[in-house]
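Below are the structure tokens for one structure; questions will follow.
The values are calculated or read from the model by the stated rules, or taken from the named source; none is laboratory data. Quick caveat: nothing in here was measured; it's all calculated off a predicted structure. Cβ: placed from backbone, ideal geometry, glycine included. Neighbour counts: every protein chain shown. Just the protein is used for accessible areas: all its heavy atoms, side chains included, with ligands, DNA and RNA removed. Shrake-Rupley method; radii C 1.70, N 1.55, O 1.52, S 1.80 Å.
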Amino acid sequence: MSNRPLNVGLVGGGKGAFIVHPHQRAIHFDGTRRVVAGALFPDPRIARAEAAQWPYPLKGYGSYDEMIAANAQLPEAEKLDYILIVTPNFVHFDPAMKAMKAGIAVFCEKPLCLNLKEAAALVKTARQLNIPFCVAHTYVGHWTSRLSRYIVRSGLLGEVRWVDSSYLQGWLATRLEATGQQQASWRVDPKRAGGSGCGGDIGTHALMQLRYVTGLEVTALSAQLETFVQGRQLDDHFTIYCQLSNGGKALVRASQICIGYKNDLGIVVAGTKGTLCWRQEEPESVTIKLPGQPDRVYWRGAVTPGDGFLPKNVPADLMAEPTIPSGHPEAFHDAFARLHRCFEADVRKWKAGKAFKCDGAKYANVEDGWTGIAFIETCVKSSKKKGAWTPMPKAI
Ligand SMILES: NC(=O)c1ccc[n+]([C@@H]2O[C@H](COP(=O)([O-])OP(=O)(O)OC[C@H]3O[C@@H](n4cnc5c(N)ncnc54)[C@H](O)[C@@H]3O)[C@@H](O)[C@H]2O)c1
């Protein structure tokens, strides 16, 4: 494959859509990827009209079926290299499956799909076809998430005893869905969102952050899924006590009724030698607390290996991940861009017939997506039994 920019096709993104926009900006960050096509809306007429209004030239299709079918007829240089799925959860499985079968790599929003049956089928197909697959867990794309992962996994904090991974929001503290607000409406509908509202929407981010940073798995859990806003069908408050694979414990919690909270995703990892604290609303630094010492605050771009805490041999690929200098703040778009950049590298290798990793170290993969769905299903099961301790299914 030449060094032409990768061609990306959008599934979803028309008429007041939210997450497509940070993605499409991040896709264009490096000049090595570009959005060229889109099936932006369920109604074909509106989908094409929306594409015609797009701020830059976009080949508009009436549906993702049409976009995927048309791709086979395009000359090599115009073919889609990957699709980005930014539709509500119930429209993840079908386009992802169809794209893979048509030989197009997939970058899919979280949660991966609606249930474990769909998730298992996606894992099986991605493995059989050996095709790159990313699940858009945005926050693992922060450089400080990468550093946190290195610090915890390298044992610098000792054995992990306790993790508190939480995501607090307040935007669903009232019955916003009753006003017809687009993003709220489908998120509280079990047919379109899945078995858990708050848990599926943001609890999966808190779980992914825990797994990514610590390398530990949840082996069993006791869940309370609660609905504070009357008349709502799904949970808006999600509290999960977890047993971890190393014998430690964790709280994975999420809430959408905490008035004043915006996107407060944060993680505290308490080990036998020290504690790590990170918050996505201040994503440029990570704090390490060690006994008898002032807190160490590590800023992106201003880390010195061999400083008395970090060893000299901090991995070169971690230190080299392209960034702007520290003090010029990175944030949400940069995290997305880092995921697309790392995914691009795998897509290019795959296209060139070379081995690629897709191992979850640089972005969440399809197996991580499966784990998110397994977690949600286990939480729903436990919560229905008043929080009974329930084992997680064995990894796929
Ligand atoms: N990674 C993150 O940080 C993050 C943040 C927000 C949302 N999300 C996820 O992104 C997805 C979309 O969320 P959103 O808030 O942007 O939703 P949204 O309602 O704002 O946008 C969804 C878009 O999908 C379109 N759509 C629906 N069905 C379609 C179909 N059959 N064909 C084509 N287009 C179709 C809608 O018209 C709309 O344009 C969800 O899965 C959500 O969980 C992830």
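Evaluate the charge dipole of the chain about its Cα centre and quote only its size in Debye, nearest 20, assuming +1 on the Cβ of each Lys and Arg and -1 on the Cβ of each Asp and Glu. Working shown, then result.
Values: 47 positive and 36 negative charges, 127 e Å.
The dipole of the chain has a size of about 600 debye.
What is the distance in Å between the Cα centres of region 130-170 and region 325-365?
15 Å
Relative to the Cα centre, what is the charge dipole magnitude of region 124-182, using +1 at the beta carbon of each Lys and Arg, -1 at the beta carbon of each Asp and Glu, and rounding to the nearest 20 debye?
Numbers: 7 positive and 3 negative charges, 55 e Å.
The calculation lands at about 260 debye.
Also: What number, in percent, do you get for the relative contact order of region 205-282 if the mean sequence gap of Cα pairs under 8 Å and at least 6 apart is divided by its residue count? If you can, show how the numbers build up before the last one.
On the way: 114 pairs, mean separation 18.2, N = 78.
Relative contact order for region 205-282 comes out at 23 percent.
Which whole-number percent of Cα pairs in region 207-253 have a distance greater than 18 Å?
37 percent
Just the accessible area per residue of the chain, please: how many Å² with a 1.4 Å probe? Kindly include the intermediate steps, with their values, before the conclusion.
Details: 16520 Å² over 396 residues.
Per-residue accessible area for the chain comes out at 42 Å².
Under 17 Å Cα to Cα from Lys289, which lysines show up? Leave out anything in the same chain fewer than 8 places away.
Candidates past the 8-residue exclusion: Lys273.
What's the carbon and sulfur percent of the chain's accessible surface, probe 1.4 angstrom, rounded to a whole number?
In the chain, the share of accessible area belonging to carbon and sulfur is 55 percent.
Need the list of aspartates and glutamates near Lys357 for cross-linking: C-alpha distance under 15 angstrom, and skip anything on the same chain fewer than eight residues off.
Here the aspartates and glutamates satisfying the reach criterion relative to Lys357 are Asp317, Glu344, Asp346, Glu367, Asp368.
Given Val366, Pro315, Phe356, which one lies farthest toward the positive end of the charge dipole of region 299-371, if we put +1 on the Cβ of every Lys and Arg and -1 on the Cβ of every Asp and Glu?
The residue sitting most towards the positive pole is Phe356.
Let me know the shape class of region 46-175, please: from the alpha-carbon gyration tensor, a ≥ b ≥ c as square roots of the eigenvalues, rounded when a/c is under 1.5, otherwise prolate if a/b is greater than b/c, or oblate. Present the calculation step by step, with values, prior to reporting the outcome.
Working: a/c = 2.07, a/b = 1.65, b/c = 1.25.
It is prolate, given that a/c is not under 1.5 and a/b is the larger ratio.
For the charge dipole of the chain, defined by +1 on Lys and Arg C-beta atoms and -1 on Asp and Glu C-beta atoms about the Cα centroid, which residue among Ser245, Ile85, Val140 has the Cα displaced farthest towards the positive pole?
Checked the options; the winner is Ser245.
Taking the chain as a Gaussian network, where each spring joins two C-alpha atoms under 10 Å apart, which residue of Ile83, Ile373, Ile257 fluctuates the most?
Ile257
May I ask you to derive the relative contact order of the chain, considering only C-alpha pairs under 8 Å and at least 6 residues apart, and to give it as an integer percent? Before the final figure, lay out the partial values.
Values: 864 pairs, mean separation 75.9, N = 396.
About 19 percent, as a whole number.
Determine the sum of side-chain charges near Ala250: Lys and Arg each +1, Asp and Glu each -1, restricted to other residues whose C-beta is under 13 angstrom from that of Ala250.
Details: positive: Arg161, Arg211, Lys249, Arg253; negative: Asp164, Glu217.
Summing Lys and Arg as +1 and Asp and Glu as -1 gives +2.
Please work out whether region 25-94 counts as rounded, prolate or oblate from its C-alpha gyration tensor, where a ≥ b ≥ c are the square roots of the eigenvalues and a/c under 1.5 means rounded, while otherwise a/b larger than b/c means prolate and anything else oblate?
On the way: a/c = 1.31, a/b = 1.22, b/c = 1.07.
Verdict is rounded for region 25-94.
Only Cα pairs within less than 10 Å get springs; with that Gaussian network setup on the chain, which residue of Asn365, Asn115, Asn246 has the largest fluctuation?
Asn246
Which whole-angstrom value gives the distance between the alpha carbon centres of region 186-206 and region 273-300?
Measuring centre to centre over Cα atoms gives 31 Å.
What FRET efficiency comes out for the pair Arg25/Lys351, r = Cβ-Cβ distance, R0 = 22 Å, nearest 0.05?
On the way: r = 24 Å, r/R0 = 1.09.
The computed FRET efficiency comes out at 0.40.
State to the nearest 20 debye the size of the charge dipole of region 16-105 about its Cα centre, where the only charges are +1 on K and R beta carbons and -1 on D and E beta carbons. It would help to have the intermediate numbers written out before the result.
Values: 9 positive and 9 negative charges, 19 e Å.
The dipole of region 16-105 has a size of about 100 debye.
Can I ask one more? Taking a cut-off of 12 Å between Cα atoms, list the aspartates and glutamates near Lys59, but don't count ones fewer than 8 places away on the same chain.
List returned: Glu50, Glu78.
Taking square-rooted eigenvalues a ≥ b ≥ c of the alpha carbon gyration tensor, is the chain rounded, prolate or oblate, where a/c under 1.5 means rounded and, failing that, a/b exceeding b/c means prolate? Spell out each step's value before the answer.
Working: a/c = 1.67, a/b = 1.21, b/c = 1.38.
It is oblate, given that a/c is not under 1.5 and a/b is not larger than b/c.
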